[in-house]
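Novice: Mind having a look at this structure? Questions to follow.
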Ligand code: CP
């Protein structure tokens, strides 16, 4: 029997940047993701027949495990048809541009393209065409944004606390190169959380001072509700941006050690978008600690991405956009 799901509250044309989402839209997406998770827990989450003819192309030009595979699972769980794409075996190798690749996939039937690129705001080029009708979901653009990660992070915090206003949240590590940090800072500020930043000043941008305060980790760890660690993004560091420090030294100076974690409040949760450099930004034993939500974040990624895909589908088919 097909479960008749309630209709989504939200209709989107694309899903590109978090700043375009209103607080109401954000809360609607979180509620929808929680709704999907709840249906699933009751084994009532069923593929919807009306999605079957919706082809979604998943174009990942930068490595990914979580985002790529959870978008694929989200598409399958909704009942959409996914088009896999391997850049190494595509005509990109013959010089075809991203723009022409996306136009080609649209021409053969893709309605939605989920794209990760090393290039910041790559989608501006894709959306420049007035004849293109494909919807773009941003799965990460260089050091720009990672809006679907942000949604799953907000869902995870919401499940834990039920609210955002006044929560003390530390974002710790390589903020400068982190698209997760950029997206999360904007959303958490919009939702009224109190933000604190920590990590090497070499990997910090003063523009974040408008949203929170930079502090040594030892000064804040005991007061936070959420400790959100960030990966050291070695692949994005220019030659002059490396820090001459061993993994152990980095962990001792900037990371979440077992000793620091012991000072956290009993309700404080540990988050990390992953992949995790165990023993660098976080002690490896804390990744699966009782107060870690790192694997829960990954699980929530499927439901959050279902909410995004559904909102875009609804926008195209029933929302008149
Ligand atoms: N968090 C995240 O984006 O992980 P992946 O790079 O594996 O997709």
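Novice: Provide, as a two-decimal number, the C-alpha radius of gyration of segment 113-171 over 2.2 N^0.38 Å, N being how many residues it has.
Specialist: Values: Rg = 15.4 Å, N = 59, 2.2 N^0.38 = 10.4 Å.
Scaled against compact globular proteins, the figure is 1.48.
Novice: So what's the back-of-envelope 222 nm ellipticity for the chain, counting only DSSP H runs of four-plus at -39500 (n - 2.57) apiece and dividing by all residues, rounded to 500?
Specialist: On the way: 10 runs with 114 residues, N = 321.
Calculated mean residue ellipticity at 222 nm is -11000 deg cm²/dmol.
Novice: Follow-up. Would you work out the Kirkwood radius for the chain? I mean one over the mean of 1/r across all pairs of different Cα atoms, in Å. Provide the component values of the computation, followed by the final result.
Specialist: Working: mean 1/r = 0.0492 Å⁻¹.
Value: 20.3 Å, from the Cα pair sum.
Novice: Listing 177, 43 from the residue with the fewest other Cβ atoms within 10 Å to the one with the most, what is the order? Write down the numbers at each step before the final one.
Specialist: Working: 177 22, 43 8.
With the fewest neighbours first, 177, 43 line up as 43, 177.
Novice: By per-residue mean of other Cβ atoms within 10 Å, what is the highest-first order of 141-153, 290-302? Numbers along the way, then the final one.
Specialist: Values: 141-153: 23.9, 290-302: 18.5.
For the peptides 141-153, 290-302, the packing ranking is 141-153, 290-302.
Novice: Within 10 Å of each residue's Cβ, count the other Cβ atoms and sort 260, 278, 305, 42 from fewest upward. Display every interim value, and only then the final one.
Specialist: Numbers: 260 20, 278 14, 305 29, 42 8.
Listed from fewest to most nearby Cβ atoms, that is 42, 278, 260, 305.
Novice: Quick one: give the max-minus-min coordinate of the C-alpha atoms of segment 1-157 along each principal axis, largest first, in Å.
Specialist: Computed over the Cα atoms, the extents are 48, 34, 31 Å.
Novice: Right, here's the next one. Label segment 1-83 by shape, choosing from rounded, prolate and oblate, from the square roots a ≥ b ≥ c of the eigenvalues of the Cα gyration tensor; if a/c is under 1.5 it is rounded, and otherwise prolate applies when a/b is larger than b/c, oblate when it is not.
Specialist: Values: a/c = 1.61, a/b = 1.09, b/c = 1.48.
The shape class here is oblate.
Novice: Quick check: from the Cα gyration tensor, does segment 128-238 come out rounded (a/c under 1.5), prolate or oblate?
Specialist: oblate
Novice: What is the distance in Å between the Cα centroid of segment 10-89 and that of segment 151-209?
Specialist: 23
Novice: Right, something else. Looking at the square roots a ≥ b ≥ c of the eigenvalues of the Cα gyration tensor of segment 100-143, which shape do they give, rounded for a/c under 1.5, prolate if a/b is larger than b/c, or oblate? Can you show the working numbers first?
Specialist: Numbers: a/c = 2.27, a/b = 1.66, b/c = 1.37.
It is prolate, given that a/c is not under 1.5 and a/b is the larger ratio.
Novice: On the first, second and third principal axes, largest extent first, how far apart are the outermost C-alpha atoms of segment 196-311 in Å?
Specialist: 44, 34, 29
Values quoted throughout were computed directly from the atomic coordinates according to the rules given, and no laboratory measurement underlies them. Values in this document were obtained by computation on a predicted structure and should not be read as measured data. When we count neighbours, we look across all protein chains shown, and the Cβ atoms used for this are built from the backbone with ideal geometry, even at glycine.
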